[in-house]
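Let me begin by handing over the structure; questions about it come next.
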Amino acid sequence: MGTIANEKVKETIASKFQTEGEIVELIPFGNGYINDTFRITCELPEGKEIRYILQKMNNSIFKNPAELMENVMNVTKFLRKKIIAAGGDPNRETLNVIPTKDGNNYLDNGEECWRMYIFIEGATCYDEVKTPEDFYNSAVSFGNFQRLLSDYPAETLHETIVNFHNTVSRFADFKKAVEEDVCGRVQEVQEEIKFIFDREKDAHIICDALEEKRIPLRVTHNDTKLNNIMIDDKTGKGLCVIDLDTVMPGSALYDFGDSIRFGASTAAEDEVNLDLVTVNLELFDVYAKGFLEGCAGSLTEEEVRLFPAGAKVITFEQGMRFLTDYLQGDTYYKTSRPGHNLDRSRTQLKLVADMEKKWDEMEKIVEKYR
Ligand code: ADP
Ligand code: GN1
Ligand code: MG
């Protein structure tokens, strides 16, 4: 986004929120694939600075911003109370919504919907794991997040994206995209399509376990990739779980699996050299350990037993989602080069293949923690 456009956002959007001081800077920020995110700096009269995050919510993906923001408000209020009770800092350990000058929790200008958060200072979102310890710390925090929400009244949450992690319905969407082939791209991805079709039964593993009540439905985050957690710059510990748009009833395996597919990979999600893309079992191990510690014994034995399946199913699902978007003309995820979604899909499918090779070892690791 150019400077003139930024200036316009500053004047017509940012100025409508209850910020303190004078807005002196607005810049695009972060590496999310869904919303448009900006960092805003305001100067206070005494010369100090205060920063905020401003986000344009993706209204083609999130159709009901009022319900979405109701979830965010209620979940953050709930977390805030628990953080205060535990002696934590509620301004850094959870998101905090800044209302508009009209007193609403988001701005609807008739075309777009925008929201603002306190900028969490002294913390960073990472796009790759630097050390096993960092990944362990992120696991503890994601587990902790789930534990804190374990008594949240799930029935009051809106389903912001229906069937978000319903892998069976994701498979059906993929199949339809192949049949429709709206961009004429099916021919060039025959190998990937076959790989996915050969694993149709895998789409049922978590869905069936939930349906047959072998594992419980819980309040989960559903998008636990590493750059959705802020790591404290000083302590190195997970500080705040962000990107709460998809907090909904789900399975602990979704959260476990999504972290593994992103963080335990030896390469970036969009790496083009597939030889570099494998599952790092040491990272799988530390994540399992940390997640269980964070959940503090609340997971059932069957959930833990299914950790390897959670990792594989969510990685498989993500491979299908990226390829579906590629086949449909790249309308869902932000992309920054031609074929970006195809590259992303390939890394996910490569990870699935590698997990299949390392299956026994993954099960052995989990066995230690049951
Ligand atoms: P998306 O849904 O597009 O992924 P996110 O809510 O994850 O959007 O935000 C994108 C990025 O913006 C994050 O990865 C993080 O780097 C940054 N970010 C979001 N919220 C905050 C915050 N409150 N404080 C600091 N940085 C934030
Ligand atoms: C999106 O919003 P972001 O960038 O944190 C997506 C996730 C995917 C992820 C793949 C609402 O996450 O489901 O796993 O990209 N979020 C939504 O990197 O679809
Ligand atoms: Mg995000």
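Computed from the coordinates by the stated procedures, all read-outs in this text should not be read as laboratory data. Note that this is a predicted model, so its numbers are computed, not measured. So basically every Cβ, Gly included, is an ideal-geometry build from the backbone, and we count neighbours across all protein chains shown.
Round to a whole angstrom and tell me the spacing of the C-alpha centers of the stretch 289-333 and the stretch 102-180.
13
Would you list, by chain and number, the lysines whose Cα falls below 18 Å from the Cα of residue 10, excluding same-chain residues fewer than 8 positions away?
56, 101
Between beta-carbons, use under 12 Å as the cut-off and find the net charge around residue 367, counting Lys and Arg +1, Asp and Glu -1.
Values: positive: 305, 364, 368, 370; negative: 285, 301, 360, 361, 363.
Taking every other residue near residue 367 into account, the sum is -1.
Dipole size in debye (nearest 20) for the stretch 132-369 around its Cα centre, Lys and Arg Cβ +1, Asp and Glu Cβ -1?
On the way: 28 positive and 45 negative charges, 18 e Å.
That gives the stretch 132-369 a dipole magnitude of about 80 debye.
Can you find, among 272, 87, 341, the residue farthest towards the positive end of the dipole of the chain? Put +1 on the C-beta of Lys and Arg, -1 on that of Asp and Glu.
87
Taking the chain as a Gaussian network, Cα atoms linked when under 10 Å apart, which of 60, 169, 138 shows the biggest mean-square fluctuation?
60
Work out the charge dipole of the chain with +1 on the Cβ of Lys and Arg and -1 on the Cβ of Asp and Glu about the Cα centre, then indicate which of 259, 324, 78 is farthest towards its positive end.
Sorting the options by dipole projection puts first 78.
Charges at C-beta only: +1 for Lys and Arg, -1 for Asp and Glu. How large is the resulting dipole of the stretch 34-73 about its Cα centre, in Debye rounded to 20? Walk me through the intermediate numbers first.
Numbers: 5 positive and 6 negative charges, 28 e Å.
Dipole magnitude for the stretch 34-73 comes out near 140 debye.
Same structure, new question: What is the stretch 3-121 by shape, rounded, prolate or oblate, if you read a ≥ b ≥ c off the alpha carbon gyration tensor as root eigenvalues and call it rounded for a/c under 1.5, prolate for a/b larger than b/c, and oblate otherwise? Can you show the working numbers first?
Values: a/c = 1.75, a/b = 1.12, b/c = 1.57.
Here the stretch 3-121 falls in the oblate category.
Can I ask one more? Choose one answer from 58, 166, 109: the residue with the largest mean-square fluctuation in a GNM of the chain with alpha-carbon springs under 10 Å.
Result for the chain, Cα springs under 10 Å: 109 fluctuates most.
Another question about this same structure. Using the Karplus equation 6.51 cos²θ - 1.76 cosθ + 1.60 (θ = phi - 60°), what ³J(HN,Hα) coupling, rounded to whole Hz, does each residue of the stretch 355-360 give in order, writing x for Gly and Pro?
Result, rounded to whole Hz: 5, 4, 5, 9, 4, 4.
Any idea what angle helix 167-180 forms with the longest principal axis of the chain, computed on alpha-carbon atoms, 0 to 90 degrees, nearest 10?
Tilt relative to the chain: about 90 degrees.
Can you give the helix-only mean residue ellipticity at 222 nm for the chain, where every DSSP H stretch with n ≥ 4 adds -39500 (n - 2.57) and the sum goes over all residues, rounded to the nearest 500 deg cm²/dmol?
Numbers: 13 runs with 163 residues, N = 370.
Roughly -14000 deg cm²/dmol at 222 nm, from the helical runs in the chain.
Can you tell me which of 230, 355, 73 moves the most in a GNM of the chain? Springs connect C-alpha atoms under 10 Å apart.
In the Gaussian network model the winner is 73.
Report the Cα centroid-to-centroid distance between the stretch 202-229 and the stretch 11-78 in angstrom, as an integer.
29
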